[in-house]
Amino acid sequence: MDMLSTDRVKHRFIPFSELHPDKNQARTAAMFLADLQGILHAEPISAVALKVSYDVLETTLLEIEEAIHALGLHLDRNLMYRLKSALWHYTEETQRANCGCPRGESNCTRKVFAQRFEKRDHTCRDHKPEHWRRYL
């Protein structure tokens, strides 16, 4: 079953808790999510609000929230957001199942961090001068 591309793209609002050492969690999350597979657009609306657009066949809101949580950021868990989030999780999982995407074969949190790790610059980060590193 083919889906229209407009049905595949989801636009979600993700609120963050205000009680966190990182006062600009939305910007931190947007920078992390910007270059991940499936994320089309991640834009901080305010210091504690993030607007994200993604392709539901490549990633889901649940995976995005798990990646944000694994990053150490705290989502706002008020009742209204939890209800909306639960409904979105269910509808996205159903939509993926209807398109033939079996559960568990999507981009899990581990794959998200592995992809991010591959894109990082892994040059030597030792701040000692070259002649100190070759000493002995």
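For segment 78-90, a residue qualifies if it is farther than 17 Å from VAL52 by Cα and touching a strand residue (DSSP E or B) at 6+ places or on another chain (Cβ under 9 Å), and exactly one does: ASN78. The residues of segment 96-136 that are among the hydrophobic types (A, V, I, L, M, F, W, C), surrounded by 11 or more Cβ atoms within 10 Å (Cβ to Cβ), at pLDDT below 65 and not in a helix (DSSP H, G or I) amount to a single one, CYS108. Give ILE39, ILE68, ILE64, ILE14 a once-over and let me know the one that is surrounded by 14 or more Cβ atoms within 10 Å (Cβ to Cβ), touching a strand residue (DSSP E or B) at 6+ places or on another chain (Cβ under 6 Å) and closer than 20 Å to ARG120 by Cβ. So the residue among ILE39, ILE68, ILE64, ILE14 that is surrounded by 14 or more Cβ atoms within 10 Å (Cβ to Cβ), touching a strand residue (DSSP E or B) at 6+ places or on another chain (Cβ under 6 Å) and closer than 20 Å to ARG120 by Cβ is ILE39.
To keep it simple, each residue is scored yes or no on (1) touching a Ser or Thr at 6+ places or on another chain (Cβ under 6 Å); (2) closer than 16 Å to GLU18 by Cα.
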| site | (1), (2) |
| --- | --- |
| LEU40 | yes, no |
| ALA49 | no, yes |
| LEU61 | no, no |
| ILE64 | no, no |
| MET80 | no, no |
| GLU92 | yes, no |
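Checking the structure you have, find out if any residue of segment 76-95 is within 25 Å of GLU118 (Cβ to Cβ) and either surrounded by 13 or more Cβ atoms within 10 Å (Cβ to Cβ) or touching a Cys at 6+ places or on another chain (Cβ under 8 Å) (or both). No, every residue in segment 76-95 fails to be within 25 Å of GLU118 (Cβ to Cβ) and either surrounded by 13 or more Cβ atoms within 10 Å (Cβ to Cβ) or touching a Cys at 6+ places or on another chain (Cβ under 8 Å) (or both). Selection of helices (runs of 4 or more DSSP H) fully inside segment 1-82 by the criterion of at least 2 residues being of a type in the set (D, E, K, R) returns 5-8, 61-70.
Of the candidates THR60, THR91, the single residue that is touching a helix residue (DSSP H, G or I) at 6+ places or on another chain (Cβ under 6 Å) and of a type outside the set (A, V, I, L, M, F, W, C) is THR60. Considering only residues in segment 19-50 that are charged (D, E, K, R) and touching a helix residue (DSSP H, G or I) at 6+ places or on another chain (Cβ under 9 Å), the one that is nearest to HIS69 (Cα to Cα) turns out to be ASP22.
The values are calculated or read from the model by the stated rules, or taken from the named source; none is laboratory data. Predicted model, so just to flag it, every value in this text is computed and none were measured. Don't worry about glycine lacking a Cβ; one is built from the backbone with ideal geometry, like all the others, and counts go over all protein chains shown.
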